[in-house]
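The values are calculated or read from the model by the stated rules, or taken from the named source; none is laboratory data. All figures in this text were calculated on a predicted structure; none of them were measured in a lab. Cβ placement follows ideal geometry from the backbone for every residue including glycine, while neighbour counts extend to all protein chains displayed.
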């Protein structure tokens, strides 16, 4: 049996054309009546979510994404159709729902923990872990009303993550907190994937769907119009809203056509075993692979790549010219493959790989794309900076008069040597 199965699910809402807020308005409405508009949020949805799957649900506002998640969780009953769930479930639909502003942070987490069903023997440890994960240990005894909106959202998210369940339903919850907190959340979801937890994520962040999800589901006007590989579903969604995808089926699509004798037709990232990846652990060895098509004869083209952070700053770049490598003469009809091994000694986050191909003098660029491929780095212990040098802080209890370095006392005489 699948983890979640929806069979012909329909859901309709009655939207009033007028909202009566005063007694007079309500009395008068009894004479003229109230008109409603019928809104079909879901129209015959069929969906199967297998155990251990990470499914991303995408679509425009009002397409039925949140309604579908609420029906999966049991918060809303379907008007027609069936819903089958196999396993325990936690739904993170509204962070902090049930928190009391007059209780302290610790009291709120303890109360929420009881509602979510924390294991009784581990409740105290898990409460401490939730507060630590939210990064608000200093405020554990402060009233919730004194916390900022972002801190409350982080606390709600961290508390809900501590619940033990087979299935997680997430509705736009990865946008909470600052960049460091979001990276911590991504680490958690990496662990959930390793544990084969079943996750259904509703989001407008297509990067999250591309980097984490095994399957993408596209909703339009209450119907599933596409489901399957995110690399296929995401471009269809972008095209439906009038955007040009950067990559489509592995083939690069440029925002503007560029003329030149050489064009890149595909770029991707592999691990050491040769498998194409979108996630890697900090310190892993990766290979950036690019395939170029030669459209016209050319002498000594320069081939290069650049690694960009999310803010578009360049982390690293290199090319054949800087390396002193000569590419020789290439002829029309040939294909060129470049393989660039590197060590991903980076902090956690998302990175973009771009490429460029130019003439020998680097005065004319034949083809260039800044974001041809993307991958996520996790597992780094770096909190500040860009690179992970894997440094270890070693310490010892020194003597009362620690020995001075030999270079100070020996060699040419100095003020210390003249004492």
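For this structure, a couple of remarks:
- Given (1) within 24 Å of residue 161 (Cβ to Cβ); (2) modelled with pLDDT under 90, index of the condition residue 26 fails: (1)
- Unique match (being at pLDDT below 85 and farther than 30 Å from residue 360 by Cβ) among 256, 279: 279
- Number of positions in the stretch 164-176 that are buried (at least 21 other Cβ atoms within 10 Å of the Cβ) and at pLDDT below 80: 2
- Residue 380 farther than 20 Å from residue 305 by Cβ, in a loop (DSSP other than H, G, I, E, B) and modelled with pLDDT of 80 or more: yes
- Conditions (1) at pLDDT 85 or above; (2) on the phi < 0 side of the Ramachandran plot; (3) crowded, with 19+ Cβ neighbours inside 10 Å; number of the one not met by residue 222: (2)
- Test: residue in the stretch 317-327 that is in contact (Cβ under 8 Å) with a residue 60 or more places away in the chain and under 19 Å from residue 288 (Cβ atoms): no
- The condition of being under 30 Å from residue 186 (Cα atoms) and surrounded by 15 or more Cβ atoms within 10 Å (Cβ to Cβ) holds for only one of 286, 295, 303, that being 286.
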